[in-house]
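Here's the structure we're looking at; comments come further down.
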Amino acid sequence: MYAAARLVATGAAASVTDANALLAMEHAALPERTIFLNDPNPPALALLMAPLGALPIVPAYAIWAALGAVALAAAAYYLGRLADPRQRMRLLPFAILAPPSLIALTEGQTTPFVLLAVAASLRAPPLWSGALLGLAAFRPQLLPLFAVVALTERRRAVGLVITTVIVALVSLATVGFEGMARYPDLLTRIATELRPGELGLAALVRRVIGGEDIVLNAALAGLLFAVAGAAVLIRSRMFTTRVVDASVWSILAAPHALLHDGVMAYPAVARAASTTRATVLWVGTGIITALVQQAGIPIAPFWLLAVWWSSNRR
């Protein structure tokens, strides 16, 4: 993301979706970087981060990490209403210090900001609520299920459409038509990536049957999104419950979701925190699951399903 922001800051915005230009800029910032690190974020993000791209990478990194920490703390504040009031102060350290949070901050990811937008949508008026859900476009593989939630109500649907259209138009203005024509290639790369620590059901299936065929991956993604959409819409008509469900299922259904995406499960953890025992159970098992998952044993999907089920039983 820093490489894309620096391309904008140095007057080469049209190259933000060019894998070779991104790698060259990554290598210029960090000489040890010799393998392309895919950036599927919309070009609008590079424009927003251009002031950081104008800085050397060390101060830019420090500023972005500090903003991410503030976003996590603010998200924890908004999510507090989902938990039992007596459990809120027990959940706050988890929100800041759990492995997904620390990895998101260390890697400078956008997920803390997406979590903040989703959490803030729970308290916003419908139009603004939908607009906030639309900010999931900055982590595009998480957007579809939040779109499903917003599109069930007219005013939220309008807000979501406005946000996504703005992101699309700003992206187009940033890189031009030629640059946008290259963007789908960056998106399709994430559908076939299979990195250690992948959290979703798609990655779990692909580890068993293989994951290089793009048609098979597309079919698998479609099936999982259909299941996830049904899980989100059928269980409840309450907006809050649907957002909590979508937060978990957006990870489970995503073709590419790494451990930092685990922060999106925090709404379900908060909702499941109805007693001290439940809080200790889900916080403790969540930390253990993250560590085991990072060690290469894919148990996170099962934990995500369990916390989703528990949050709905409350």
Checklist entry - Given the residues Leu55, Leu47, which is the only one that is more than 24 Å from Ala257 (Cβ to Cβ) and outside any helix (DSSP H, G or I)? => result Leu55
Checklist entry - Just one of the numbered conditions (1) of a type in the set (Ser, Thr, Tyr); (2) assigned to a helix (DSSP H, G or I); (3) out of contact with any helix residue (DSSP H, G or I) (no Cβ under 6 Å at 6 or more places or on another chain) is not true of Thr34; which one? => result (2)
Checklist entry - Under the condition of being of a type in the set (Ser, Thr, Tyr) and under 19 Å from the mean Cα position of the chain (by Cα), which residue from segment 173-190 is surrounded by the most Cβ atoms within 10 Å (Cβ to Cβ)? => result Tyr183
Checklist entry - Quick one: is Leu37 closer than 30 Å to Ala181 by Cβ, among the aliphatic types (A, V, I, L, M) and surrounded by fewer than 15 Cβ atoms within 10 Å (Cβ to Cβ)? => result yes
Item to check | Members of segment 117-147 that are small (Gly, Ala, Ser) and under 15 Å from Thr240 (Cα atoms) | outcome: Ala117, Ala119, Ala120, Ser121, Ala124, Ser129, Gly130, Ala147
Next on the checklist: I need every pair where a residue in segment 273-298 that is under 14 Å from Ala83 (Cβ atoms) and of a type in the set (Phe, Trp, Tyr) has its Cβ under 8 Å from the Cβ of a residue that is outside any loop (DSSP other than H, G, I, E, B) and modelled with pLDDT of 90 or more, sequence separation at least 6 or different chains.
Outcome noted: Trp282/Val269; Trp282/Ala272; Trp282/Val307
Checklist entry - Of all helices (runs of 4 or more DSSP H) completely enclosed by segment 238-307, which ones contain at least 2 residues that are open to solvent by 10 Å² or more (accessible area, probe 1.4 Å), of a type outside the set (Lys, Arg) and closer than 13 Å to Leu91 by Cβ? => result 276-294
Checklist entry - Looking only at segment 125-162, which residues are at pLDDT 95 or above, of a type in the set (A, V, I, L, M) and more than 14 Å from the chain's Cα centre (by Cα)? => result Leu127, Ala131, Ala157, Val158, Leu160, Val161, Ile162
Checklist entry - Restricting attention to segment 191-206, does a residue exist that is part of a loop (DSSP other than H, G, I, E, B), hydrophobic (A, V, I, L, M, F, W, C), within 18 Å of the chain's Cα centre (by Cα) and surrounded by fewer than 19 Cβ atoms within 10 Å (Cβ to Cβ)? => result yes
Checklist entry - What are the residues in segment 2-31 that are in a loop (DSSP other than H, G, I, E, B) and under 21 Å from Val165 (Cα atoms), if any? => result Val16, Thr17
Checklist entry - If we scan segment 48-61, do we find a residue that is modelled with pLDDT of 90 or more, open to solvent by 50 Å² or more (accessible area, probe 1.4 Å) and closer than 27 Å to Pro255 by Cβ? => result yes
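The values are calculated or read from the model by the stated rules, or taken from the named source; none is laboratory data. Fair warning: this is a prediction, and the values are worked out from it, not measured in the lab. Every residue, glycine among them, receives a Cβ derived from its backbone with ideal geometry; neighbour counts consider all protein chains shown. Protein only, heavy atoms only, side chains kept; ligands, DNA and RNA dropped before computing areas. Shrake-Rupley method; radii C 1.70, N 1.55, O 1.52, S 1.80 Å.
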